[in-house]
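Chemist: Here's a structure for you.
The values are calculated or read from the model by the stated rules, or taken from the named source; none is laboratory data. All values derive from a computational prediction rather than experimental measurement. Note that we place each Cβ from the backbone using ideal geometry, even for glycine, and neighbour counts take in every protein chain shown. Heads up: the accessible areas ignore ligands, DNA and RNA and are worked out on the full protein's heavy atoms, side chains in. Shrake-Rupley method; radii C 1.70, N 1.55, O 1.52, S 1.80 Å.
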Amino acid sequence: MYSSKVEGLGDRAHEFISTATDYTKGAMDSGKEILDTTIDGISDRMDQVRRSSAPVVKRAKRRTRVLLDQGGEILSDVSDRAIETATDISKSLVSYTKKNPITALLLALGAGALLVSAAKSIRSQR
């Protein structure tokens, strides 16, 4: 009698474990399906984002190229103007020097003296 109860408990335990194993396998399969579906959804969304952002990226690249070209043109214009201004100033200095050589010489000496005293002052402060 005792052994039949033990056998009955063993059978029930075996059935319980078998059922639990089946449920566990089913839950794992369901979890895998959910995970696969989620991964596929994320992958699809990432593809959508890539496709939808591609035109924006292209426009940004185009605009950047245009801005760089405009910046280069502006720098070229500024450089040309600086060269023209320097040329005009040098021509004016030469013309002034030819008309007023003594005054130009005194101005140059005065400017040189100022530069030398400024350099000495800077050196002495160090």
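Chemist: Count, please, the residues in the range 95-116 that happen to be part of a helix (DSSP H, G or I) and surrounded by 11 or more Cβ atoms within 10 Å (Cβ to Cβ).
Modeler: The number of residues fulfilling the criteria is 8.
Chemist: Kindly provide the set of residues from the range 44-54 that are of a type in the set (Gly, Ala, Ser) and either in contact (Cβ under 8 Å) with a residue 24 or more places away in the chain or surrounded by 10 or more Cβ atoms within 10 Å (Cβ to Cβ) (or both), ordered by number.
Modeler: Let us first name the residues in the range 44-54 that are of a type in the set (Gly, Ala, Ser), namely 52-54.
Residues satisfying the conditions are Ser53, Ala54.
Chemist: Residues to consider are Glu84, Glu15; find the one that is modelled with pLDDT of 90 or more, in a helix (DSSP H, G or I) and open to solvent by 100 Å² or more (accessible area, probe 1.4 Å).
Modeler: Just a single option satisfies the conditions, and that option is Glu84.
Chemist: Go through the range 27-38 and give me each residue that's open to solvent by less than 90 Å² (accessible area, probe 1.4 Å) and modelled with pLDDT of 85 or more.
Modeler: Ser30, Asp36, Thr38
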